[in-house]
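The values are calculated or read from the model by the stated rules, or taken from the named source; none is laboratory data. Owing to the predicted nature of the structure, the values given are computational and were not obtained by experimental measurement. When we count neighbours, we look across all protein chains shown, and the Cβ atoms used for this are built from the backbone with ideal geometry, even at glycine. Side chains included, ligands, DNA and RNA excluded: accessible areas come from the protein's heavy atoms. Shrake-Rupley method; radii C 1.70, N 1.55, O 1.52, S 1.80 Å.
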Amino acid sequence: MISRRSLRHTKFIFKIYLATQSTATRNTNRNISYGHIDGSDFYGGTGLNSVLLFNSQDHSNVAGYINSVNVRFSETFKTEFTRDGSLWFFITDGISKIKGRYPVIPSNISLIQSFSIPQHALFMEPSDHSAVCALSISSDSDKLNRIGLQRIGNYFWSPISSITENILTHPTILERISLTVSYVVTYKL
């Protein structure tokens, strides 16, 4: 026969176990990827200087932080063609607002590059997009950095003159073609 004391002790241990399990579940991080870079579907490139570019189909389904972004350029990135030497990643609601920004310095030797984003630098809400931009030093088309394109989906572009802007200027959609960009969002279950 089980004593009351033993039974209470067992219930106490079981409650601790359940509390530990629910805490572990709440603190579990998961990653979800959006976009892709498919070499077999590569289709030239478009200038990314002084325009904000993002794929319309690659909006986040979860609230979380971007932890990495992959980009395929159609030509090596030239920092000397930019005002600050940076490639900028933005968070936008896709319609009118810029909600966050973070700069990286690309290599000038590789077409496909991966960028780690520090924890808590870029927060996305459901339906937000990850956008990319470089600020141009000139309007000369020979001095543009170019991001690769692929023949699936579609992308938006919006002119931008400063990284401090908070409003998208008349985003325009380009159909049947998308940017060679992908990103990973970390979120809590």
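Numerical summary
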quantity: Set GLY94, GLY45: member being modelled with pLDDT under 95 and in a strand (DSSP E or B); calculated: GLY45
quantity: Pick from region 172-189, criterion outside any strand (DSSP E or B) and open to solvent by less than 40 Å² (accessible area, probe 1.4 Å), ranking: nearest to SER130 (Cα to Cα); calculated: THR180
quantity: Subset of region 97-124 that is assigned to a loop (DSSP other than H, G, I, E, B) and in contact (Cβ under 8 Å) with a residue 40 or more places away in the chain - its residue that is nearest to ASN67 (Cα to Cα); calculated: ILE117
quantity: Qualifying residues in region 58-69 (those that are part of a strand (DSSP E or B) and out of contact with any His (no Cβ under 9 Å at 6 or more places or on another chain)) - the one most open to solvent (accessible area, probe 1.4 Å); calculated: ASN67
quantity: Single condition SER158 does not satisfy, out of (1) at pLDDT below 95; (2) assigned to a loop (DSSP other than H, G, I, E, B); calculated: (2)
quantity: Subset of region 72-121 that is within 12 Å of the chain's Cα centre (by Cα) and under 23 Å from GLN150 (Cβ atoms) - its residue that is surrounded by the fewest Cβ atoms within 10 Å (Cβ to Cβ); calculated: SER114
quantity: Pairs where the first residue, in region 51-68, is within 25 Å of ARG151 (Cβ to Cβ) and of a type in the set (Gly, Ala, Ser) and the second is open to solvent by less than 30 Å² (accessible area, probe 1.4 Å) and part of a loop (DSSP other than H, G, I, E, B), C-beta under 7 Å, 6+ apart; calculated: SER60/ASP128; SER68/ILE117
